[in-house]
Amino acid sequence: MTDQEIRALAEKQLEWAVALRRRLHRVPEPGNQEFETQRIITEALDELGIEYTTENTWTVGLIRGAHPGETVAFRADIDALPVEEPEGCPFRSTHPGMMHACGHDAHTAILLGAAAILNGMKDELHGNVKLLFQPAEESEGGAERMVKAGVMENPHVDHVYGLHVMPRLPVGTVETRRGTLNASTDSVTLVVHGLSGHGAYPESGRDAIVCAAQIISVLQTLVSRNLSPLSSAVLSIGKIEGGRASNIICDEVTMKGTLRTANAEIRAMMKQRINEVVSGVAQAMGCTADVRIKPGYNALVNDLNEAERVHQVGARLFGAEHMLEKAEPSMGAEDFSFFSDEAPGAFYHIGCVREDELPAPPLHSRDFHIDERCMAVGMAMHVTMALEVLR
């Protein structure tokens, strides 16, 4: 099948996929509560005659090719965000305070549309296509739980791909990056312990607030002085709580933040230095401190060969001028990394707005929207990526 024929099939499937996306858009649900979303997904798979299994709120579909071969997996995230959608959309959210403000409704419909096309040619496939409909990408991360539950086995996944709509790019463009595409993210909690005292006699206590202020200041030097300017990391303290009254020396302060790093080496170094700085500053000021760093998403590192495959496919389908290489990693997190840690894979972005709309409202904005023509781009990419492996 030629690239032109695949694009034609995607265009033909677009009306069906758009209708499905609009159904999903009306019923946005938070992570691990995507019950109605799951029902729409399984109804579509039943309509297409594709076998599937469900657990919790995730769904795994499987298209078995007629001939032996490898297994290719595609992931679509299915949860929504706690954003109130403004009036005006004819298929506006019916769930107050929830909106598909990150495009997961489009991701899900794109994967189902691609599945419809691939299922129609399963007699020609040398291998299998696995469909991973993942909950909770926006919250605790459903990918890691799915991997632990065994979704990358039976049959074993040899290649895994995913996409994200991107409102800073026009429809018809595809973007990826060889190597690191998204940062890892870890939650940081710091608790400073001092000694309470009268505000008039500061020498009688050990001020946890002053100590916390010094800790925050020194932590900012980890990126500026412990890391090369050519490397990527972000450490942000976003919440601080402490003190009981204006005339009492504070005895305890809790700080919470996020650490984002571009690779495993920087991640390990930053964790070590956070512990050293916090304990050292606290000791110097007569206090003590606890450091808790809770692992979050791993860095999303595209396999070089798989990223090259994305480049080749995108350039063939839409022209080399529309196949873009992202210059630098994003410090935003993406738990597709848990799938691509298990099998060689690549993640890519597709433009989703008209050229004359740029700059468009960003992801997670209440004004976020897509030009639904982008869904044909996503379907064509998924189908061609699968055929590249399963021919």
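With a cut-off of 12 Å between beta carbons, the residues surrounding Leu111 carry a summed charge of +1, where Lys and Arg count +1 and Asp and Glu -1. Helix content alone sets the calculated 222 nm mean residue ellipticity of the chain: runs of n ≥ 4 DSSP H residues at -39500 (n - 2.57) each, divided across all residues, give -11500 deg cm²/dmol. Each Cα pair under 8 Å and six or more residues apart adds its sequence gap; the mean of these over the residue count of the range 64-180 is a relative contact order of 42 percent.
Under the convention that each Lys and Arg Cβ holds +1 and each Asp and Glu Cβ holds -1, the size of the dipole of the range 224-347 around its Cα centre is about 420 debye. Roughly what angle does helix 208-225 make with the longest principal axis of the chain, taking Cα atoms, 0 to 90 degrees, to the nearest 10? Between helix and principal axis, roughly 50 degrees.
Placing +1 on each Lys and Arg Cβ and -1 on each Asp and Glu Cβ, with no other charges, gives the chain a dipole about its Cα centre of roughly 700 debye. What net charge is computed for the residues neighbouring Gln4, neighbours being all others with C-beta under 11 Å from the C-beta of Gln4, Lys and Arg scored +1, Asp and Glu -1? Net of charged neighbours comes to -1. Take 311-318, 274-281 and order them by the average number of nearby Cβ atoms within 10 Å per residue, most first; the result is 311-318, 274-281. On a 0 to 90 degree scale, rounded to 10, what angle separates helix 374-390 from the longest Cα axis of the chain? Here the helix axis deviates by roughly 80 degrees. Averaging the sequence gap over all C-alpha pairs within less than 8 Å and six or more residues apart, then dividing by the number of residues, gives the range 263-337 a relative contact order of 31 percent.
Would you mind counting up the charge near Phe35? Only other residues with Cβ under 12 Å from its Cβ, with Lys and Arg at +1 and Asp and Glu at -1. Net of charged neighbours comes to -3. Shown here for the range 1-106: chymotrypsin sites (Phe, Trp or Tyr not before Pro) in loop regions (DSSP other than H, G, I, E, B) with at most 16 other Cβ atoms within 10 Å, namely Phe91. The angle separating the long axis of helix 304-318 from the principal Cα axis of greatest extent in the chain is about 50 degrees. Considering only Pro96, Leu195, Pro329, the residue lying farthest towards the positive end of the dipole of the chain is Leu195, judged by Cα position with unit charges set on Cβ.
Read-outs throughout are calculated quantities, based only on the coordinates presented, and are distinct from any laboratory measurement. In this text the structure is predicted, and so the values were computed from the model without any measurement. Neighbour counts run over all protein chains shown; Cβ positions are idealised from the backbone, glycine included.
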